[in-house]
Amino acid sequence: MTEDIDHEVEDRSNVTVAIRLKPPEDSSEDFKETFDATHTTVTVRDPLSRGRSEHHFRFSRVFTPEHGQEPVFDFVARPLIGQLLRGFNSCCFAYGQTGSGKTHSVFGEGNAEKRGMLARSIEYLFEKIEELARSMEVGMAVSFAEVYLDSVRDLGRFYVEKHGVGQPKRQRGVSECAIDGGHGVADVNGRRRAKTSHDDMDVTDTYLNQDLEIHESPQGLVYVEDLSLIPVSNIRDVLEVANLGVKMRATYETRLNARSSRSHTIFTLSVAQKSKNTKGGGIIASAVNFVDLAGSERLARSQSEGRRFQEAVVINTSLSALGKVVLALASNHRSHVPYRDSKLTRMLQNSLGGNSYTTLLATIDPSVRNYEESLNSLLFADRCKNVQNKPVQSASSEEGNSQGRTVRILMAELVELKRKLEMRPMAISPAIGSSSAPKSPQHQQQHQQQHQLQH
């Protein structure tokens with residue numbers, strides 16, 4: 001990795017597209033009558049045409065039901081963390097019909113083989129930070145937003161409210177540090193509550209009615225005003241932000257999915273790096289987004305009513321807006337890209353056709369009854385292959401540009417970590433310390449706990 005970057009490096013990169021087929025709910029169903037899948041191709045047959053109507057697709061990677069979480073992370077997310085540490089922005093987002101495995105792929109369940117791309121990415125990122133410790137100082141912060149009924153809400157605020165600004169984080173057991181794929185429940189008043197072992201946090205009316213504003217800087221960076229940016233120093237901090245947010249996310253039972261996510265979520269890891277060896281060198285600031293889109297659903301099938309009907313209409317409308325953006329970006333003669341048609345597309349503006357390396361994971365339920373939805377997802381994914389981004393690697397100052405606030409927060413965290421390291425070398429995550437330092441029994445125990453998280 002280049003330690004002192006004082007110029008911009010622009011690359012051109014098409015969106016990478018991967019497909020993931022989930023196991024059919026009916027284990028006796030032979031989905032291969034409808035789907036043929038190889039390492040990079042998918043053929044889907046109309047079940048009503050008796051094989052006369054086929055659609056052929058080629059993608060960067062196709063995962064069949066036999067593939068677990070690890071190979072999905074290795075192909076989709078691991079390269080994006082590499083780009084993050086090189087100073088490039090990156091994004092992965094999961095797209096597909098409701099119940100096709102998007103949330104499972106991104107967030108996963110538990111701390112073993114079922115943990116998803118986000119947890120594995122956090123573990124991998126801290127491994128790489130430990131390797132960089134000799135030459136680079138690294139600060140990190142996270143944010144977590146959801147778009148529900150086209151309103152932007154701050155899922156990170158639950159971590160902030162629980163711990164307070166500047167409050168020391170309570171150390172927790174390793175078993176509590178994986179991302180919990182479970183969801184909050186609704187009480188009789190319709191308020192969301194988190195299933196936490198320490199607190200029962202009711203969601204206030206302030207959060208339910210929250211709608212943060214989206215702005216664009218003079219440099220073209222789209223950001224959410226007043227979204228919590230939370231400094232973090234170890235794996236536990238990051239995973240707890242994710243856990244609390246996932247539990248408070250708008251999730252309800254529908255006819256098609258017992259745990260249907262009714263909002264789009266964007267979890268962002270922001271990193272600032274500064275060389276220890278170069279005086280006056282620039283700060284490399286970059287971010288990676290993990291986007292879990294709410295699933296599309298046909299209202300005739302879901303038979304949603306009342307609030308669920310309203311949610312489905314807004315979800316389908318925002319996904320339709322996303323499709324129009326992709327169609328415009330993939331066109332050879334594009335003139336106008338309708339990013340402003342929805343808040344979702346506005347927030348994804350930097351990741352689609354902008355300054356980012358981007359990978360789409362399209363999740364498919366290959367059951368015969370889902371043929372139409374699966375075909376639509378594959379057609380969307382096929383169009384995404386033609387979207388070209390322009391990722392830029394650059395050094396940032398601590399102020400005076402569009403990333404100034406983020407960089408200042410990250411560098412303040414970096415200074416605080418250095419202070420802790422000098423006063424209590426073993427008090428923070430070993431991922432921040434030097435890998436060459438002798439390990440005390442306490443340090444070895446911390447390292448063993450981190451190793452358990454990774455395995």
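Details
- Elements of type helices (runs of 4 or more DSSP H) contained in region 293-369, each with 2 or more residues being touching a residue at least 40 places away in the same chain (Cβ under 8 Å) and open to solvent by 60 Å² or more (accessible area, probe 1.4 Å): 306-330
- In the set Ser100, Ser121, only one residue is crowded, with 20+ Cβ neighbours inside 10 Å and in contact with a strand residue (DSSP E or B) (Cβ under 6 Å, 6 or more places away or on another chain); that residue is Ser100.
- For region 127-140, a residue qualifies if it is within 21 Å of Ile266 (Cβ to Cβ) and surrounded by fewer than 23 Cβ atoms within 10 Å (Cβ to Cβ), but none of them does.
- Of all residues making up region 103-118, the number that are on the phi > 0 side of the Ramachandran plot and open to solvent by less than 10 Å² (accessible area, probe 1.4 Å): 1
- The set of residues from region 363-394 being of a type in the set (Phe, Trp, Tyr) and within 23 Å of Glu25 (Cα to Cα) comprises just one member, Tyr371.
- Note on region 370-388: among residues that are among the acidic types (Asp, Glu) and surrounded by fewer than 21 Cβ atoms within 10 Å (Cβ to Cβ), the one that is nearest to Gln69 (Cα to Cα) is Asp382.
Yes/no matrix, rows are residues, columns are (1) modelled with pLDDT of 65 or more; (2) assigned to a loop (DSSP other than H, G, I, E, B); (3) closer than 29 Å to Glu311 by Cα:
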position: Val165; (1), (2), (3): no, yes, no
position: Pro168; (1), (2), (3): no, yes, no
position: Gly182; (1), (2), (3): no, yes, yes
position: Asn189; (1), (2), (3): no, yes, yes
position: Lys195; (1), (2), (3): no, yes, yes
position: Leu227; (1), (2), (3): yes, yes, yes
position: Ala258; (1), (2), (3): no, yes, yes
position: Leu269; (1), (2), (3): yes, no, yes
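The values are calculated or read from the model by the stated rules, or taken from the named source; none is laboratory data. Here the structure is a predicted model, which is why all the values come from computation and not from measurement. Positions of Cβ are backbone-derived with ideal geometry, glycine not excepted, and every protein chain shown enters the neighbour counts. Each accessible area value is taken on the protein alone, full model and side chains, heavy atoms only, with ligands, DNA and RNA left out. Shrake-Rupley method; radii C 1.70, N 1.55, O 1.52, S 1.80 Å.
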